[in-house]
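Structure provided below as structure tokens; questions to follow.
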Amino acid sequence: MKNNINFKIETIIDEYSNYIFKIVNNIVSTSLPYQDKEEIVADVFFLLWKNQEYINKDLKSYLAAIAKNSAYSKLRNKKITLELKDELITDNLTFDTDNVIDEILVRQKIEELSEIEKTIFTLYYVDGYKIKEIAKKLKLSSSGIKMKLYRIRKKLKEE
């Protein structure tokens, strides 16, 4: 918090620790044990303390972004496949009987994607890579990856 003499990390931890834990828990779900979730929360507050001079105003948004990125990073480091939370379907998700038709339709749409689209889809939604990482790995531009992801989502939502 730039130029804020009253910056007290203990107060912020008390106020935001439950909020940060909920974000982390929503992302990692049952993929990581409780101790790893606590470690991610601690990392968020360490990064806040380390970078406090660069934070201007919106502390809550900053903490949420750091929590999200730290959780995805931890999952990537543990090589855990993420369940999709963006209305898209992979083998890891389970569905009730009412959604079986939707599941089949989306799986068919995924199979209709080109190889490069399937690769980008998997790297982004399943493996949790960031757009810049995918661009570097596939030797494409970040804007090209964003456009392909947009088109993939559009194809999958057509029906």
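Roughly speaking, what is the stretch gain from residue 15 to residue 65, that is 0.36 nm per residue apart minus the C-alpha to C-alpha distance, in nm to one decimal?
16.3 nm
Compute the normalised compactness of segment 9-77: alpha-carbon radius of gyration over 2.2 N^0.38 Å, N being the residue count.
So the Cα radius of gyration is 1.04 times the expected 2.2 N^0.38 Å.
Next question, about the same structure. Lysines near residue 8 by alpha-carbon distance under 18 Å, same-chain residues fewer than 8 away left out - which ones?
Excluding near neighbours in sequence, the set is 50, 57, 60.
Could you work out how far apart the two model spin labels at residue 116 and residue 50 are, taking each label as a point 7 Å from the Cα in the direction of the beta carbon, and quote it in nm?
That separation, rounded to one decimal, is 3.6 nm.
I'd like to know which of 17, 29, 59 lies farthest towards the positive end of the charge dipole of segment 9-77, counting +1 on Cβ of Lys and Arg and -1 on Cβ of Asp and Glu.
Of 17, 29, 59, it is 29.
How large is the charge dipole for segment 8-81, taken about the Cα centre, if only the Cβ atoms of Lys, Arg (+1) and Asp, Glu (-1) carry charge, to the nearest 20 debye? Please list the in-between numbers first.
Values: 11 positive and 9 negative charges, 77 e Å.
Roughly 380 debye, rounded to the nearest 20.
Computed from the coordinates by the stated procedures, all read-outs in this text should not be read as laboratory data. Treat the numbers as computed from the prediction; the structure is a model and nothing was measured. With ideal geometry, Cβ positions are generated from the backbone for all residues, glycine too; neighbour counts draw on all protein chains shown.
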